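Working notes, structure below.
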Amino acid sequence: MRSLLRDLKASFRNPEFWALASWLDIVVRYRQSRLGLLWLVAPAVIYIWGVGGFFASMQHRPISGFVGYVAVGYVIFRVTSSVIIESTSTFATAAAFILDGHVRLSDFVLRVTAKALFYFLFSLPVVGAAIAITPELQMSGLAVALVTFPLVMANVLWIGVVFALVGARFQDLSQFIGNIFMFAFLLTPIVWHSEIMPAGSIRGTIMRANPLFHMVEAVRAPILGQPISELTLYYLATMTLVGWTIAILAYRRFARFVPIWI
Amino acid sequence: MSAHISVENVSLTVPIYVQRERRARNWGTMFFGAALDPPRRVNTQLLEDITFQAREGDRIAILGRNGAGKSTLLRVLNGVYQPTCGVVEVQGSCQALLNMSLGFNGEATVRENIFLRGTAMQLKGSSLRAHIDPILEFAGLQEKASHRLRTLSAGQKMRLGFAISTSFQHDIILMDEWVGAGDSDFMAKAKARMQDRMGGSKIVMLASHSVGLLRDVCNKGIVLEQGRLVHAGDIVSALQFYHELMARFRTGNDASAEGAPLVYGCADHVMLEKGLLRLRGWLASADGSIPQGVVLEVAGARYPAISLERVPRPDVVRHFGLRDAQCGFIATFQMPGLGSLTDLGVAVRVLGGIDHVAAATPLRMAPAISQAISPGS
């Protein structure tokens with residue numbers, strides 16, 4: 001019987017394998033190009049300044065206020081979506097290691113989580129430039145974000161565990177999820193303002209049911225000088241508790257089937 | 001700490017997903033069937049109520065037909081598959097040599113991949129660093145250390161995998177078949193390394209179809225058939241049981257589905273009389289049938305035996321636990337224009353097989369033969 005918490009603890013104590021594996025995943029992608037790791041920054045620049053600037057002018061908003069909004073939303077969304085998308089295929093990718101006796105499965109979830117965090121760190125300078133020109137920027141809000149971001153990451157981790165297990169059983173999930181996230185990006189208020197969907201309306205309710213909205217909002221709102229709504233706090237707290245319970249139970253029940261599925 | 005394996009009443013049932021059996025009448029129905037039929041979940045019992053113990057000094061051969069559960073059992077011992085019921089206890093550090101050329105990152109360099117595989121084996125960076133150069137040297141890849149792994153050939157990858165997997169001594173070695181292909185130079189090195197590792201380890205479990213190898217390495221044997229343990233004992237009794245089992249299936253016309261069985265044997269003595277070359281030796285096959293093909297290969301040309309006389313070889317039968325007492329042979333070859341044995345040259349091989357056409361397995365040559373045909377004699 002494998003326990004998620006015990007495995008995670010062991011994974012954090014022995015980080016060599018998953019840290020090295022995720023680092024290699026990142027560097028080999030950029031090895032062939034002259035610009036190397038600079039390419040890591042390119043998507044962030046395109047999304048935040050390109051798409052953000054375009055949508056700002058489309059909605060007749062000043063670009064200085066909008067790019068900061070897009071920047072924080074984009075990086076949080078990106079961490080979450082890349083962990084979910086990649087975790088669905090992480091066990092299948094590592095089949096050789098698992099079948100060779102490396103059965104601490106939490107390592108493979110941390111491998112994709114670490115990779116997403118690396119990307120997050122690399123895009124921080126771009127994000128920093130965007131929020132620096134935002135007039136609403138609150139320094140005290142940055143401190144709050146330092147607390148809420150780990151909470152968001154805690155949720156990302158359990159989501160990664162659950163999707164990794166489901167993805168090992170249903171191997172077509174990874175393709176499906178990729179498509180879903182195109183839609184989720186548009187559905188989550190990242191390139192549009194959440195204010196235009198008032199609570200009570202149908203679209204507003206849909207937006208508030210979306211967990212991605214609350215994960216983004218918990219970090220973005222304080223930075224931009226807005227209070228985190230009570231709904232977001234309750235939503236995240238519930239999600240953390242329920243999610244971790246599901247992840248722990250699912251891992252205990254299904255981890256032993258993973259070598260058979262892949 | 002003493003190494004120890006204890007397997008008690010272990011069963012493994014796994015869900016597998018099968019497509020519905022459907023007679024495809026034409027291409028259309030076959031494509032539709034493949035696209036639309038949902039897979040059905042079937043529970044399959046891979047191992048059933050297996051109990052055995054391995055203590056220090058045991059070298060256990062795992063025998064059985066294809067699909068009997070040999071690899072599955074090794075994976076259970078390795079902790080990859082958790083048994084559905086029963087208890088597996090493995091005491092001592094354990095290294096599985098199951099698929100050594102997998103588990104690499106193709107775009108990373110050879111050196112980085114050694115680190116990756118090493119950390120996957122739970123080794124710390126500091127102790128690993130000292131092993132990088134010996135591993136590269138053993139695999140013969142020193143000048144390739146900073147090349148991308150995908151630029152290596154399949155053989156080089158296999159060599160690298162072997163070098164990494166065997167560079168540490170463990171208490172228990174689990175092995176599925178002997179090391180794959182490689183050039184003869186590397187094979188000799190790999191064999192020496194393997195023997196060294198096996199000698200240094202406390203328990204070896206080896207699944208193989210190569211009876212000669214198992215006889216050389218192992219002192220005990222277990223036989224699996226359809227996931228059940230049908231025999232456990234010393235190596236000779238296990239081999240005997242296995243041969244009998246294979247013979248039973250052969251009479252039931254079952255073995256033909258498994259392709260050509262492995263043959264093995266030895267050429268003991270050679271002499272030339274009246275233009276005929278007579279070769280004495282023995283030949284047996286892994287499935288217990290009596291192989292009838294002996295071919296002499298001289299510089300690439302095949303000379304099938306013109307007559308093959310079976311003779312009893314009680315010594316060989318005892319050693320390998322064979323079923324067939326008549327495993328010895330005296331083969332006669334017609335070699336026109338052969339003045340003396342030394343005219344054969346050095347490129348001489350004796351090949352064995354089920355019949356002359358299938359004969360392709362080189363037999364071991366006794367020193368007496370190499371001596372007789374070597375030009376210096």
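Of all the residues that make up the stretch B:79-138, how many are hydroxyl-bearing (Ser, Thr, Tyr) and over 26 Å from A:Trp23 (Cα atoms)?
Number of matching residues: 3.
Filter the stretch A:39-67 down to the residues that are assigned to a helix (DSSP H, G or I) and among the polar types (S, T, N, Q), then identify the one that is nearest to A:Leu124 (Cα to Cα).
Among those that are assigned to a helix (DSSP H, G or I) and among the polar types (S, T, N, Q), it is A:Ser64.
Do the conditions hold for B:Leu97, that is, is it within 10 Å of another protein chain (Cβ to nearest Cβ), out of contact with any His (no Cβ under 8 Å at 6 or more places or on another chain) and modelled with pLDDT of 85 or more?
The answer is no for B:Leu97.
Consider A:Thr134 carefully, then state whether it is of a type in the set (Ser, Thr, Tyr) and within 14 Å of chain B (Cβ to nearest Cβ).
no
Being within 30 Å of B:Arg40 (Cβ to Cβ) and either among the small types (Gly, Ala, Ser) or surrounded by fewer than 19 Cβ atoms within 10 Å (Cβ to Cβ) (or both) is the requirement here; does A:Gln138 meet it?
Considered against the rule, which asks whether it is within 30 Å of B:Arg40 (Cβ to Cβ) and either among the small types (Gly, Ala, Ser) or surrounded by fewer than 19 Cβ atoms within 10 Å (Cβ to Cβ) (or both), A:Gln138 comes out as no.
Among the candidates B:Leu128, B:Leu74, B:Leu136, B:Leu141, which residue alone is in contact with a Leu (Cβ under 7 Å, 6 or more places away or on another chain) and closer than 27 Å to A:Tyr30 by Cα?
B:Leu141
Pick out the one residue from B:Val316, B:Val298 that is within 26 Å of B:Lys274 (Cα to Cα), of a type outside the set (Ser, Thr, Tyr) and surrounded by 16 or more Cβ atoms within 10 Å (Cβ to Cβ).
When all the criteria are applied, what remains is B:Val298.
Go through (1) assigned to a helix (DSSP H, G or I); (2) at the interface with another protein chain (Cβ under 10 Å from one of its Cβ atoms) one by one and return the number of the condition A:Phe108 breaks.
(2)
Give all pairs with beta carbons closer than 9 Å in which a residue from the stretch B:79-101 that is on the phi > 0 side of the Ramachandran plot and β-branched (Val, Ile, Thr) meets a residue that is in a loop (DSSP other than H, G, I, E, B) and at pLDDT below 85; count only pairs at least 6 apart in sequence or on separate chains.
From the stretch B:79-101, no pairs qualify.
Of all residues in the stretch B:193-224, count the ones that are part of a helix (DSSP H, G or I) and of a type in the set (Ser, Thr, Tyr).
Selection size over the stretch B:193-224: 0.
Matching residues to (1) more than 18 Å from B:Ser146 (Cα to Cα); (2) away from chain B (no Cβ under 11 Å):
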position	(1), (2)
A:Arg2	yes, no
A:Asp7	yes, yes
A:Ala10	yes, no
A:Phe17	yes, no
A:Leu20	no, no
A:Trp23	no, no
A:Gln32	no, no
A:Leu37	yes, yes
A:Val41	yes, yes
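Here's the yes/no breakdown for (1) more than 12 Å from chain A (Cβ to nearest Cβ); (2) within 18 Å of B:Leu98 (Cα to Cα):
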site	(1), (2)
B:Gln122	no, yes
B:Pro134	yes, no
B:Glu137	yes, no
B:Gln142	yes, no
B:Arg150	no, no
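Could you list, in sequence order, all residues of the stretch B:60-94 that are away from chain A (no Cβ under 13 Å) and of a type in the set (A, V, I, L, M, F, W, C)?
Listed by number, the residues that qualify are B:Ile60, B:Ala61, B:Ile62, B:Leu63, B:Ala68, B:Leu73.
Looking only at the stretch B:1-42, which residues are surrounded by 14 or more Cβ atoms within 10 Å (Cβ to Cβ), at pLDDT 70 or above and not hydrophobic (A, V, I, L, M, F, W, C)?
The answer is B:His4, B:Ser6, B:Glu8, B:Ser11, B:Thr13.
Identify, by number, the condition in (1) without any contact (Cβ under 8 Å) to a residue 12 or more places away in the chain; (2) assigned to a loop (DSSP other than H, G, I, E, B) that A:Gln171 doesn't meet.
Going through the list (1) without any contact (Cβ under 8 Å) to a residue 12 or more places away in the chain; (2) assigned to a loop (DSSP other than H, G, I, E, B), A:Gln171 breaks only (1).
From the list B:Ala190, B:Ala232, which residue is part of a helix (DSSP H, G or I) and surrounded by 16 or more Cβ atoms within 10 Å (Cβ to Cβ)?
The match here is B:Ala190.
The values are calculated or read from the model by the stated rules, or taken from the named source; none is laboratory data. Just so it is clear, the structure is predicted and the values come from calculations on it, not from any experiment. Note that we place each Cβ from the backbone using ideal geometry, even for glycine, and neighbour counts take in every protein chain shown.
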